[in-house]
1. Using a 1.4 Å probe on the protein heavy atoms, what percent of the accessible area of the chain belongs to carbon and sulfur?
2. Assuming 0.36 nm per residue, please report the length gained on full extension of the stretch E15 to F45 beyond their Cα-Cα distance.
3. Under the 0.36 nm per residue contour assumption, what length would be gained going from the current alpha-carbon distance of E26 and V63 to full extension?
4. Which Cys residues of the chain have no other Cys Cβ less than 4.7 Å away and so no disulfide-compatible partner by this rule?
5. Find which of G38, I66, G13 sits farthest along the positive direction of the dipole of the range 9-66, computed with +1 on the beta-carbon of Lys and Arg, -1 on that of Asp and Glu, about the Cα centre.
6. Please report the antiparallel percentage of the DSSP beta bridges confined to the range 9-66, to the nearest 5.
7. Compute, for I23, the solvent-accessible surface of its heavy atoms (probe 1.4 Å) with the complete set of protein chains present, and express it in square angstrom to the nearest 10.
8. Using only the alpha-carbon atoms, how far is helix 16-26 inclined from the longest principal axis of the chain? Give it as 0 to 90 degrees, nearest 10.
Amino acid sequence: CCAGKSSWPELVGVEGTVAEATIERENSLVDAIIVPKGSIVTADFRCDRVRVWVKKDGIVYQVPTIG
C-alpha cells in the first residue's frame, strides 16, 4: 500500500547514520528515524516512516521497514 521501496534487509550490520541516509536516498517519500534498542515507540503504522533500530554501538540489528 505504501509507495516506493519498503524494506532494506541489506542494511543490517551497517552504521545507523549510513542506513538512515541510504533509506532516505532510495525512497524520498519516507523519513528514516534512528531508534536505540529497547526504546518504546508508538504502534501506529505510517507509510512515511522507517525506524532504524540500532544497538548501543550504533549498528543496525533489525531489518528497517516502512511502518
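The values are calculated or read from the model by the stated rules, or taken from the named source; none is laboratory data. Small disclaimer: the values here were computed from a predicted structure and weren't measured. Neighbour counts are summed over all protein chains in view; Cβ atoms, including those assigned to glycine, are modelled from backbone coordinates with ideal geometry. These accessible areas exclude ligands, DNA and RNA; they are computed on the full protein's heavy atoms, side chains included. Shrake-Rupley method; radii C 1.70, N 1.55, O 1.52, S 1.80 Å.
1. Taking all protein chains in place, the chain shows 57 percent carbon and sulfur surface.
2. Numbers: separation 30, 0.36 × 30 = 10.80 nm, distance 2.46 nm.
Extra length from E15 to F45 when fully extended: 8.3 nm.
3. On the way: separation 37, 0.36 × 37 = 13.32 nm, distance 1.51 nm.
Length difference between fully extended and current span is 11.8 nm.
4. Taking the Cβ cut-off of 4.7 Å, the unpaired cysteines of the chain are C1.
5. G38
6. 35
7. Near enough 0 Å² of accessible area.
8. 10
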